[in-house]
Amino acid sequence: MQVDADDFSRRLTAIGATDAVVPLRLATMHALSLFGVRSAYFLAPLTKDPRIGRIVTNMGLSWVWERHYRSGLHLLDPMPEIAVDRLEAVIWPDQIDMAALDDRKARYMRIAAQHGLVRGVGVACFGPNARSGYLGAVLQGDETPGAIVLQCIHAIGQTSFQRYCRLVRDHADIPDLSNRELEVLHWIGRGKSNSVIAAILDISASSVDVYVRRLFAKLRVSDRTSASLKAHSQGLLVSGDYERFVRDSAMQQAEIGRASCRERV
């Protein structure tokens, strides 16, 4: 794959120039799209113990995968640990010794592939005050990225994470939400009632009521609209603009593929 150095430089600069978390996600995906990446996920903090943290940010992957990842698959995902051990960008499954994975981690790789994470690049990212994260960028097609592409994806992940750390440097203002609270917040942001959220998450309505009250307390708000607005401002929710970007990017890539097929014919 040929890399347009000037275009890459402009997209990387755009990441560093963002002034809020949602534009940061858009700029990050715009840079990754230069290498055919249309979906990715981000985890923080990056630790060898998956029971600590691992709050996931979904950028274009299916909601079904995200739901299962939050509820337990994050405990099985071997890529963050592999990435932090190697430090450089790692291609999965090409550069992974699948035979060395235990049954649970091998099972995760199979489940992830069923949800579109067939091949990708994993990147360990580091910021100030010992903060760390992990970027998993999903590759399209069978072409193996060369060293330059891997370095570029690594640079995107690192630049994006460092910008994120600067944007949310006042950590005390960012509430510490559990994965389940983030799930409930996601559906509040999409205007779903408590009863509908309960049905979607397959939990009781009373449990959703408890989560909503906790969210209001942590966000220091008293209603659903204020909760959504504050969550968007802090980067806890993805905006409709981002979802449209992912959809439009996928349509553009599909059209490029069809045009390429017509030219060959």
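Of all the residues that make up region 137-150, how many are more than 21 Å from Ser9 (Cα to Cα) and of a type in the set (Gly, Ala, Ser)?
1
Here are some residues: Thr28, Thr13. Which one is touching a residue at least 24 places away in the same chain (Cβ under 8 Å) and of a type in the set (Val, Ile, Thr)? Steps first, answer last, please.
Details: Thr13 fails: touching a residue at least 24 places away in the same chain (Cβ under 8 Å).
Unique residue meeting the criteria: Thr28.
Among the candidates Ile82, Ile111, single out the residue that is within 20 Å of Val37 (Cβ to Cβ), open to solvent by less than 50 Å² (accessible area, probe 1.4 Å) and of a type outside the set (Ser, Thr, Tyr). Lay out the reasoning, then the answer.
Values: Ile111 fails: within 20 Å of Val37 (Cβ to Cβ).
Exactly one residue qualifies, and that residue is Ile82.
Looking at region 235-253, is at least one residue modelled with pLDDT of 60 or more and more than 21 Å from Pro23 (Cβ to Cβ)?
Yes, because at least one residue in region 235-253 is modelled with pLDDT of 60 or more and more than 21 Å from Pro23 (Cβ to Cβ).
Please determine, by comparing only the residues of region 30-71 that are open to solvent by 40 Å² or more (accessible area, probe 1.4 Å) and hydroxyl-bearing (Ser, Thr, Tyr), which one is modelled with the lowest pLDDT. Spell out how you get there, then give the answer.
First, pick out the residues of region 30-71 that are open to solvent by 40 Å² or more (accessible area, probe 1.4 Å): 30, 34, 38, 45, 48-49, 51-52, 55, 62-64, 67-68, 71.
If we keep only those that are hydroxyl-bearing (Ser, Thr, Tyr) too, we end up with 62, 71.
Values: Ser62: 90, Ser71: 84.
By that ranking, first place goes to Ser71.
Go through region 13-26 and report how many residues are under 19 Å from Gln151 (Cβ atoms) and buried (at least 20 other Cβ atoms within 10 Å of the Cβ).
Here the count works out to 1.
The values are calculated or read from the model by the stated rules, or taken from the named source; none is laboratory data. Because the structure is predicted, anything quoted here is derived from the model rather than measured. Positions of Cβ are backbone-derived with ideal geometry, glycine not excepted, and every protein chain shown enters the neighbour counts. Ligands, DNA and RNA are stripped out before the accessible areas are found, and what is left, the full protein with its side chains, is counted by its heavy atoms. Shrake-Rupley method; radii C 1.70, N 1.55, O 1.52, S 1.80 Å.
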